[in-house]
Amino acid sequence: MAAMLRIELKKSLWMRRSIWIYLVAFAPTALIGVHALQSHGGRNCSIGEDTRILAGIFQLFYLRLGIFFGCMGLFTWLFRGEIVEKSLHYYFLAPLRRELLVAGKFLAGVLASAFIFGLSVLLSFTFMYGHFGPAGRSFVFDGPGLGHLAAYLGVTLLACVGYGSLFLALSLVSKNPILPGIVVLLWETFHAVLPSLLQKLSVMFYLKQLCPVSIPSEGLMALFTVVAEPVSAWLAVPGLLVLCTVILVFACLRIRRTEISYLAD
């Protein structure tokens, strides 16, 4: 398992095909950095306004787009990449249970995605409040700032776990995970208009409950939103982990019957 983690982490973090994931992850960090340079000392902005802006960037970009597509690229390639490169049979011939192969690849994907997007969120948070000087430091260390940062990093990790398990399972089911990924994107984007019971089958339902600053729905989405009963963090985290566990169990059962046919791909 340790050897497999080293191999998979090297593939996920340092391959040329991962460059676009870094670009997606650090795009908001660059924009916030420019904002910090232009508004150094708190000119033309306030801590309250920047807090709402950061919450909007996190929920609308990181959760709905950045982490979603980053996990799609990382986790679908864990098995499909082995098939494309015709190297999956080496893992199947190794003295390693296939369930542990799924667990090891999933853990490597979570570590890689959490590192990339966690670092991006940390830098974005630092830039957003760093340009306020003493007022920003007071908000972070004497106010709710550290709590917000811990919540953002925790939600980032859970998003990587949730979306990662989903795309890992899809890569074992479909030869082209992009098309099912579009369906998942629509489900996660418009889950708020579904009945409350179905909303609990989406990753975003649990992640929204854990964000430190809520963003209300606007426009047409607000008209069709079905307000589900909110859940506390003590229920949202286990609920999401249970959903991910069910998906990973399915992936473990699926890989038991997986046969390699490079000619078909």
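Here, each number is a calculation from the coordinates, and none is a lab measurement. Remember, it's a predicted structure, so these values are computed and weren't measured experimentally. Note that each Cβ is placed from the backbone with ideal geometry, even for glycine, and that neighbours are counted across all protein chains shown.
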Separation in nanometres of the label points that stand 7 Å from Cα toward Cβ, at Phe250 and Met1: 2.4 nm
Length gained when the stretch Thr258-Ser174 is fully extended (0.36 nm per residue, less Cα-Cα span): 29.1 nm
Range in the chain, longest, excluding exposed GluC sites (Glu not before Pro) [loop by DSSP; at most 12 other beta-carbon atoms within 10 Å]: 86-217
Length-normalised contact order for the stretch 94-220 - Cα pairs under 8 Å, 6+ apart - percent: 25 percent
Computed E for Asn44/Leu201 - FRET, C-beta separation, R0 25 angstrom, nearest 0.05: 0.05
DSSP H segments from the chain that extend 15 Å or more along their own axis, Cα-based, with Kyte-Doolittle mean of -0.5 or above: 2-14, 19-38, 67-84, 98-130, 145-173, 178-189, 233-256
Helix-derived mean residue ellipticity, 222 nm - over the chain, DSSP H n ≥ 4, -39500 (n - 2.57), to 500: -23500 deg cm²/dmol
Unit charges on C-beta of K, R, D, E only; dipole of the chain, Debye: 740 debye
Once exposed loop trypsin sites (Lys or Arg not before Pro) are cut out (DSSP; at most 12 other Cβ, 10 Å), longest piece of the chain: 176-256
Amide H contacts under 5 Å for Leu194, placed H, 5+ residues apart: Val226
Taking the chain and dividing mean pair separation by its residue count, relative contact order in percent (alpha carbons under 8 Å, at least six apart): 27 percent
Charge sum, other residues only, whose C-beta stays under 11 Å from Ile255's C-beta, Lys/Arg counted +1 and Asp/Glu -1: +4
P(r), alpha carbons of the chain - 10 Å bins starting at zero, rounded %: 6, 28, 32, 22, 10, 2, 0
